[in-house]
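Student: First, the structure itself, so that you have it in front of you.
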Amino acid sequence: MKLNAVIGGEATQLLCLAVAKATIQKSELPGGCTLAVQIGDSLADKLSEELASMLADVMPAAVVKTIGQDVLYGADAVGAFTGLNPRQVYHLAQTNKIPVFRMGTLICARKSTLLRWIEEQEAKAMGAAA
């Protein structure tokens, strides 16, 4: 079963595009430069769109269901999960202090990533206290 049949065309495109962009933005090449920086914004955008299209065609429905259960959509949902208010989520997102990503203008985060981030914050605090 294809991804489009499971969650619909527009949602599929947003999800796959977000995954593709994150992949290209964070893929580090030898020398520490990211793929996006190396190839430029215009080509990175085109590559993201092509990769998103390919993902939508091959991603199994089971993966999408799992991703859908792990992703929090919106600052309200991220805040409710972390105990922050939406304004704090927006501030932390703007200053890159919380692991979130955007689907269009919507702030999103994976529960699993946030849990790891919280553990890291806790470990840092424990190390500083010792």
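Student: Output the number of residues of the stretch 82-130 satisfying the condition of being among the polar types (S, T, N, Q) and part of a helix (DSSP H, G or I).
Tutor: 6
Student: Cβ-Cβ distance below 8 Å, separation of 6 or more or different chains: which pairs start in the stretch 22-44 with a residue that is under 22 Å from Leu55 (Cβ atoms) and not assigned by TED's automatic domain parsing to the domain that holds Val100 and end on one that is among the β-branched types (Val, Ile, Thr) and in a helix (DSSP H, G or I)?
Tutor: So the pair list comes out as Thr34/Ile24; Leu35/Ile24; Ala36/Ile24; Ala44/Ile24.
Student: Which residue pairs have Cβ atoms under 7 Å apart, sit 6 or more places apart or on different chains, and have a first residue in the stretch 110-130 that is under 16 Å from Phe81 (Cα atoms) and a second that is charged (D, E, K, R)?
Tutor: Going by the 7 Å Cβ cut-off, the qualifying pairs are Arg110/Asp70; Lys111/Asp70; Ser112/Asp70.
The values are calculated or read from the model by the stated rules, or taken from the named source; none is laboratory data. A quick note: this is a predicted structure, and the numbers were derived from the prediction, not measured. Virtual Cβ from ideal backbone geometry, glycine too; neighbours counted across all protein chains shown.
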